[in-house]
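Notes follow the structure.
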Amino acid sequence: MSAQAYAEVFAAVRKPVPPQLIQGMFQAADVLAIALAAAVASWAETSPARTETYVYIVAVAIILSALIFRLNGCYSDRVLFSEVPRIRKVVFGWIAVIGLLLFIDFGLARTVPITRGWGFLFAASAMLLLAVERIVLGILVNRLVHKGHVSQRSVIVGAGSIGRRFAARLNRLGEPRIKVVGFIDAGPSDPEKGTEQDAATIESYPVLGRMDDLVRLIREERIELVFVALASSPDGILDEVLERLAMLPVHVRLIPAMASVELSNRPISIIAGIPIIHVSDRPLSGWKRFAKAAEDRTIATLVLILVLPLILAIAVAIKLDSPGPVLFRQPRRGFNNKLFELYKFRTMYHDRTDHRCEVQTTRNDRRVTPVGRFLRRTSLDELPQFLNVLKGEMSIVGPRPHAVSTKAAGRLFEEVVREYPSRYRVKPGITGWAQVNGWRGETDTAEKLRKRIEYDLFYIENWSVMFDLWIMIRTIFVVFRDERAY
């Protein structure tokens, strides 16, 4: 397909609003409705106000409602994206909250005094406001759905009977959160291909190309969701497709009854009446992505402010130690396999610097300057990478970015470990889970590289803000006593 044809296909397809953002909007509206109901009850009450008591009651009500509403499914996609807002769930959830508040009140022998009038007005006003809020937000979300603002841009891999049946059901039954932009031909080994394998369109969807074209579209961030509609076959094409997609930052869903891969404990969702197996998810999507970005920018800004005198001192020391620039710049691969320029303090003599890292730094390397040796041993040469964090190219915690020509056992990293490209599904980091567990420094053997990748992938699959903070804390204690840094 030509570049112009691609442009026409994607011209009317918008980047979707994250469903977590819509969920957060409903949660915030629920809290606001409860707080407003308390204000209305306090305004209408004739007896003297007990501000501290009512604040306590409202705080407990908000906490209980957050728990009960979630357990009751009030924030599930099925409810939030339904055509008719499900007021019933919110009303029943609020009744349960009031019941628990009464139980707590009696259980404490009414040590928290409130008037009956205020309690009744608060409960009734909150129920009314929650119902009205759900109706209003439901209308807003439905408008977003119909205008395509929440539809994930999707492709179907497999131009055979399985993919066609799935596309036909989507056309017939509809799924507002799924926007299929086309088919991807899995290749000549696709066992489910029909006689129309070279057709320009299938079930009214264009054929966008083959797997290489799909990889490019994902790299360009045009696709969020991939449906794999392939039958198992002796030549292993299904395994090959799944392995390739697992290394990309995209949601992958496998249409079942054709898989020969391990799928135990995988979540399943229903789309157009067909059970779809969740093979893998894009790491750090939705709220996780926002939380990670906020964490990175906030901490990087604070660190740069605090260590600014140290940075200036190091810059002066480097200039006095040897001629050449203060900073060393080197291309590295980051999120989604994109190249960026990594910053470090220069630690080698300028005329001996290996910009492509053809030869890894070894202990007592003669290319390293006296000041550079100290900076490497204490990892202070990494401080300029906080600028990469502020630019959005790196995170504080993540898989360490390696130079593009780095080798282990005489081979490029990508050739040694098959899962190595999976690290590109998240931004690289200044420190990481592998580093604080001792897997840093020279990677001269295949086993060292495999262990590093094993820890990196564990971090990607188990990310949390607390996990990041734990790694940062461990980094402080590891960095000054790690003999692997040279």
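Distances between placed amide hydrogens fall under 5 Å for V228 paired with V157, R253, L254, I255, all partners being 5 or more residues away or on another chain. Residues in segment 170-182 carry Karplus couplings, in order, of 4, 5, 7, 9, x, 8, x, 8, 10, 10, 6, 9, x Hz; the curve used is 6.51 cos²θ - 1.76 cosθ + 1.60 with θ = phi - 60°, and Gly or Pro positions show x.
Among the GluC sites (Glu not before Pro) within segment 203-237, those in coil by DSSP and having at most 15 neighbouring Cβ atoms inside 10 Å are E220, E221.
Here the gap between D351 and R450, fully extended at 0.36 nm per residue and compared with their Cα-Cα distance, gives a gain of 32.3 nm.
3J(HN,Hα) along segment 129-137: 5, 4, 5, 5, 4, 5, 5, 5, 5 Hz, from the Karplus curve 6.51 cos²θ - 1.76 cosθ + 1.60 with θ = phi - 60°, whole Hz, x for Gly and Pro.
Pop the C-beta distance of A200 and S285 into the FRET formula with R0 = 30 Å and round what comes out to the nearest 0.05.
Values: r = 32 Å, r/R0 = 1.08.
Efficiency computed from Cβ-Cβ geometry: 0.40.
Restricting segment 412-477 to trypsin sites (Lys or Arg not before Pro) that sit in a DSSP loop and have at most 11 other Cβ atoms within 10 Å of their own Cβ leaves R418.
What whole-number distance in Å separates the alpha-carbon centres of segment 233-254 and segment 272-300? Going from one Cα centre to the other spans 20 Å. Under 5 Å from the amide H of L327 lie the amide H atoms of R346, each residue being 5 or more positions distant or on a separate chain, with H modelled from the backbone and absent for Pro and chain starts. Rounded to the nearest Hz, the phi-derived 3J(HN,Hα) couplings of segment 284-290 under the Karplus curve 6.51 cos²θ - 1.76 cosθ + 1.60 (θ = phi - 60°) are 6, 9, x, 5, 4, 5, 5, where x marks glycine and proline. Taking 0.36 nm per residue of separation and subtracting the Cα-Cα distance, full extension of the segment from R373 to R219 would add 51.6 nm. Shape of segment 287-479 from its Cα gyration tensor (a ≥ b ≥ c, root eigenvalues): rounded if a/c is under 1.5, otherwise prolate when a/b > b/c, or oblate? Taking the square roots of the gyration eigenvalues as a ≥ b ≥ c, segment 287-479 is oblate.
Just so you know, all these numbers are worked out from the coordinates, no wet-lab data involved. Keep in mind it's a predicted model, so treat the numbers as computed, not measured. All Cβ positions, even for glycine, are placed from backbone atoms using ideal geometry, and neighbour counts span all protein chains on display.
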